[in-house]
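Okay, structure first, notes after.
Nothing in this text is a laboratory measurement; each read-out follows from the coordinates by a stated rule. Just so it is clear, the model here is predicted, and its values are computed rather than measured. All Cβ positions, even for glycine, are placed from backbone atoms using ideal geometry, and neighbour counts span all protein chains on display.
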Amino acid sequence: MNKKPKLAAAIVGAALAPALVAIPTSTASAHGYIDSPPSRQAQCAQGTVPCGAIKYEPQSVEGPKGLTSCSGGNAGFAELDDDGKGWTATPVGNSVTFNWTLTAAHRTSTWEYFIGGNRVAVFDQGGQQPPSQLSHTVDLGGVSGKQKVLAVWNVADTANAFYACVDLNVGGE
Ligand SMILES: [Cu+2]
């Protein structure tokens, strides 16, 4: 054997290394988010709104239970808390079906939906593992116009929850 194969391997390795580094690190601690109607992190991931790191890992808005912020307290995702960032408000009626995509289906206690600090819906998962795709149909309770829904996925076996804000234009459909 001569050194040519090794050299070729080294070149291939050098070419691959930057690509590997560029792959988002989300899969190691993957979780979930609302993709429809598009949540703020979904709009980041879809390129609807220009965003930082959240666009690579919309499923990673995880924080302690009981928060009321769209970012789940993650400084790196603080732009999710910016109501003036130009989020698209999806036109809907008073009943809305929220669709979650879970990249890791953690055991779940509840799913909660809030508008303006009021809880408008709660779904009990009973500590069970949810499917990787699931939907909740929520009655918004008669609000109208531009509304921000805070959805919370409460994990059963950790102290954490996942947060997703969804901008809606109720009655605009
Ligand atoms: Cu997770």
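Give the separation of the Cα centroids, segment 32-95 to segment 120-139, in Å.
19 Å
How far apart, in nanometres, would the label points at ALA156 and LYS85 be if each is projected 7 angstrom from Cα along the Cα-to-Cβ direction?
Those two pseudo-labels are separated by 3.2 nm.
Which of the peptides 48-59, 118-129 is most tightly packed, and how do the rest follow, judged by the mean count of other Cβ atoms within 10 Å per residue? Could the numbers behind the result be given before it?
On the way: 48-59: 18.2, 118-129: 13.7.
Top of the packing list down: 48-59, 118-129.
Contour minus end-to-end for TYR56 and LYS148, with contour as 0.36 nm per residue of separation and end-to-end as the Cα-Cα distance? Write down the numbers at each step before the final one.
Values: separation 92, 0.36 × 92 = 33.12 nm, distance 2.27 nm.
So the extension gain works out to 30.9 nm.
For PHE123, what is the net charge nearby, where nearby means another residue's Cβ is under 13 Å from its Cβ and Lys, Arg count +1, Asp, Glu -1?
Details: positive: ARG119; negative: GLU112, ASP124, ASP139.
Neighbour charge sum, excluding PHE123 itself: -2.
Is any residue of segment 117-142 close enough, with backbone N under 12 Å, to a label point placed 7 angstrom from the Cα of LYS65 along the Cα-Cβ axis, and if so, which?
Label zone hits: 125-127.
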